[in-house]
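**Q** The following block contains the structure, expressed as structure tokens.
The values are calculated or read from the model by the stated rules, or taken from the named source; none is laboratory data. The structure presented is a predicted model; accordingly, all values stated were derived computationally and were not measured. Here the Cβ positions follow ideal geometry from the backbone for every residue, glycine too, while neighbour counts run over all protein chains shown. Surface accessibility is based on the protein's heavy atoms, side chains included, excluding ligands, DNA and RNA. Shrake-Rupley method; radii C 1.70, N 1.55, O 1.52, S 1.80 Å.
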Amino acid sequence: MARRPCLSLFTLVCVISAALLAAIYFPIGFDNKKDETASTANFIYSKTVVTEIKGTEVRKYPLKGDKHCLATVESYLDNKGHFIIPSEEMFSTLPDNVIACLYKRYGSTLQTYCPLHSRHGSVKDGWTFCQSGCYTPNANTMIYAISPVNDEVNEKSVRQKLNSNVERFSIKQNTGWTLSKQLVVSKKGSEPTGQNTEMDLTKLLDKIKTKTGTEDVLIIDAGAITKQVMDTVLKSAVLEKFQQVLIRTNYLSGGRIDHKSALRHYRSLYEEGFRLFWSREEWGCARGLLTGCLYLHFMHKDCRDTSKKMDDTHLTIPDESTLNSYDNATITDLYTRYLTSLQIHCTQVIRPGILKDGGWNVCHDVKYRPPVNCLVYDFGIGNDFVFDDDITKIYGCEVHGFDPTMKMKSRKRTEKAWFHDVGIGEVEYTRRNKFKMSTFQNISKALGHENRKMNIIKMDIEGSEWVSMPVMIKQGYFKDVTQLLIEFHAYPAVSYLSQLKSLYDIGFRIFWYHRNPFWKNLFVHNLTQHSACYEVHMMKVDV
């Protein structure tokens, strides 16, 4: 690549200084006031390594081969653990690898906490709102959905459950020579057949700005024209009237992800006062460990209606006698809502393993991340060791994987990773298919781990979790577990809710969840599509 000539000595000095600041340290926070509850961990930066100092523990995150962007973006964290998208002057000097890492980690860094989520419609195209306190959509809420997908059932669900009003619009980009790149919308559902209802997107946004209301919601699902639509929305100043903004982004361009455009839009949303409370990666747009498509859910940092307040109360499960008094519909509602709401705020979430099915989310907040000499058990490998290997590389943990279905002999795989040809159950036995099963007590005793703290337990054991968990809880083997990552396989029932309550009672709180979208797992209840398989990520708190 040819070098551009220097315009002046002053310009050269400015460019070099900006580049050094970007590569070494960027101590700018989102807020001017210091957060007294923020982490007190110190970070030392060098050209090749980031070292975290916490008490007597020292762990090094190498910049070279920084697969999960742990070291690359540490200098872009504020004192609350949120990622900073620098001002344009600094942003334009950042190298491509830093830009890509900021993009990767920004989408899984929750900037604010909404405990109760309200889901409407299908697993793929449904809407998720914050339904806590002043953010709960109600009869005074107008929901504007700009999307070409079939979201009629979403509207029906919202009207039935939240009593909110909905206006849905399809969107497209005219590319004819007379209407070059014009974004046009047409109203869905309520207009007479054959009537031309198309209007320019800018005119629609101007019309929305004139409407009264302080608790409205904007939904954007524009597919390949996400960039153009977001440019128009951000220029229109229409966001001043919205309480929540839900965006299904698609920043794929020419087979590549346009990281810079995405980050510039996220920065603008932040400057407008919106904070990310939930996100979901869309696997269909995956490019390695990144995806060009994200579901991003933002809510304004302040309640638009100042007479109301935010409510941080999370969902809990009543005792079994109360559960037995519920009808099947109530049980289904409670089960699906419990597994798709949050109970604790983890700001930084990373995904060891592959982006698609097989990866698992881990809370990387300083308080909960695995320390030096950590120990991890992984039940249910399914011939995929990427999660185990990533955990050893990221945290240096000793990882033991268990799976009797792989026709592989027990062995030491790497310096810190072992495989064991055994599964976990409530008792020790051999199945008719010759699968060996054992109890957690016998497994930990055989490995000499009876007195060691368990930092992460991951379980994906196709329904056997429901027979293993009660024994482990009763015998106290979840006592010292920091994070529990588990896929629950079940249709809603009182017995399963009781077991989830048992996990809550000993201190486990949900910080992330994911619906398994495989079609055989899906069922519809009350106008919303649910899954029989939920990957639920929990961390332990003192109770």
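**Q** Under the √(5λ) rule applied to the eigenvalues of the Cα gyration tensor, what semi-axes describe the equivalent ellipsoid of the range 117-300? Give them in Å, descending.
**A** 23, 21, 17
**Q** Here is a follow-up. Accessible area, 1.4 Å probe, largest first: how do SER410, SER444 sort?
**A** SER410, SER444
**Q** Name the lysines eligible as straight-distance cross-link partners of LYS540: C-alpha to C-alpha under 24 Å, and not fewer than 8 places from it in the same chain.
**A** LYS54, LYS80, LYS367, LYS393, LYS445, LYS453, LYS458, LYS474, LYS479, LYS501
**Q** On to the next question. Would you calculate the separation in nanometres between label points at GLN441 and ALA237, each defined as 7 Å from the Cα along the Cα-to-beta-carbon direction?
**A** My value for the distance between the label points is 7.0 nm.
**Q** Right, next: Determine which aspartates and glutamates satisfy two conditions relative to LYS64: a Cα distance under 18 Å, and not lying fewer than 8 residues away in the same chain.
**A** Output for LYS64: GLU52, GLU74, ASP96, ASP389, ASP390.
**Q** Still on this structure: Please find the FRET efficiency linking THR405 to THR330, where r is the Cβ-Cβ separation and R0 is fixed at 35 Å, and quote it to the nearest 0.05.
**A** Efficiency, rounded to the nearest 0.05: 0.45.
**Q** To continue, here is another question. I need the shape label for the range 190-275. Rule: rounded when a/c is under 1.5, else prolate if a/b > b/c, else oblate, with a, b, c from the alpha carbon gyration tensor.
**A** Judged from the Cα gyration tensor, the range 190-275 comes out oblate (a/c at least 1.5, b/c at or above a/b).
**Q** In deg cm²/dmol and to the nearest 500, what is the mean residue ellipticity at 222 nm of the chain if only DSSP H runs of at least 4 residues count, each as -39500 (n - 2.57), divided by the residue total?
**A** -7000 deg cm²/dmol
**Q** What is the gain in length, in nm to one decimal, between GLU320 and LYS367 on full extension, counting 0.36 nm per residue of separation less the C-alpha to C-alpha distance?
**A** Here the answer is 13.6 nm.
**Q** Which lysines does LYS172 reach when only Cα atoms under 18 Å apart count, and residues fewer than 8 places away in its own chain are ignored?
**A** List returned: LYS181, LYS187, LYS188, LYS203, LYS227.
**Q** Step through the residues of the range 479-495 one at a time and calculate ³J(HN,Hα) from phi using the Karplus curve (6.51 cos²θ - 1.76 cosθ + 1.60, θ = phi - 60°), rounding each to whole Hz and writing x for Gly and Pro.
**A** 4, 10, 8, 7, 10, 10, 10, 8, 9, 8, 10, 5, 9, x, 7, 4, 4
**Q** So what's the convex hull volume per residue for the Cα atoms of the range 417-476, in Å³?
**A** Per-residue hull volume (Cα only) is 102 Å³.
**Q** Excluding ligands and nucleic acids, what accessible area in Å² is computed for TYR326 using a 1.4 Å probe, to the nearest 10?
**A** Probe radius 1.4 Å; accessible area of TYR326 about 80 Å².
**Q** With the full set of protein chains in place, find how many percent of the accessible area of the chain is carbon and sulfur; take the probe as 1.4 Å.
**A** Answer for the chain: carbon and sulfur cover 51 percent of the accessible area.
**Q** Can you run phi through the Karplus equation (6.51, -1.76, 1.60; θ = phi - 60°) for the range 452-465 and list ³J(HN,Hα) in whole Hz, with x for Gly and Pro?
**A** The phi angles translate into 9, 5, 9, 7, 9, 10, 10, 10, 9, 10, 6, x, 5, 4 Hz.
**Q** May I ask you to list the residues of the range 243-259 whose amide nitrogen lies under 15 Å from a point 7 Å from Cα along the Cα→beta-carbon direction of VAL149?
**A** 246-251
**Q** How many Å³ per residue does the convex hull of the Cα positions in the range 320-540 occupy?
**A** 133 Å³
**Q** Between rounded, prolate and oblate, where does the chain land on the alpha carbon gyration tensor, with a ≥ b ≥ c its root eigenvalues, rounded for a/c under 1.5, else prolate if a/b exceeds b/c?
**A** Note, shape of the chain comes out oblate.
**Q** As a test question: what accessible area, to the nearest 10 Å², does MET142 have when a 1.4 Å probe is rolled over all protein chains in place?
**A** The value for MET142 is about 40 Å².
**Q** Amide H of HIS489 versus every other amide H placed in the peptide plane: which residues, excluding those fewer than 5 positions away on the same chain, fall under 5 Å?
**A** When sequence neighbours closer than 5 places are left aside, the close amide H contacts are GLY463.
**Q** If a paramagnetic tag sat 7 Å from the Cα of LYS67 along the Cα-Cβ line, which residues of the range 481-517 would have the backbone N under 20 Å from that point?
**A** Only 485 pass the distance filter.
**Q** Additional query: Sort ARG369, ARG119, ARG431 by heavy-atom solvent-accessible area, probe 1.4 angstrom, most to least.
**A** From most exposed to least exposed: ARG431, ARG119, ARG369.
**Q** With every protein chain left in place and a probe of 1.4 Å, what is the accessible surface of VAL166, to the nearest 10 Å²?
**A** 10 Å²
**Q** Explain nothing, just compute: Karplus ³J(HN,Hα) = 6.51 cos²θ - 1.76 cosθ + 1.60, θ = phi - 60°, for every residue of the range 255-267 in order, whole Hz, x for Gly and Pro.
**A** Values per residue, Gly and Pro as x: x, 10, 8, 7, 4, 5, 4, 4, 5, 5, 5, 4, 4 Hz.
**Q** Further question on the same structure: Just reorder MET539, MET90 by solvent-accessible area, largest first, 1.4 Å probe, all chains present.
**A** Most to least solvent-accessible, the answer reads MET90, MET539.
**Q** Another question about this same structure. Between LYS203 and GLU426, 0.36 nm times their residue separation minus their Cα-Cα distance comes to what?
**A** Contour length minus Cα-Cα distance gives 73.9 nm.
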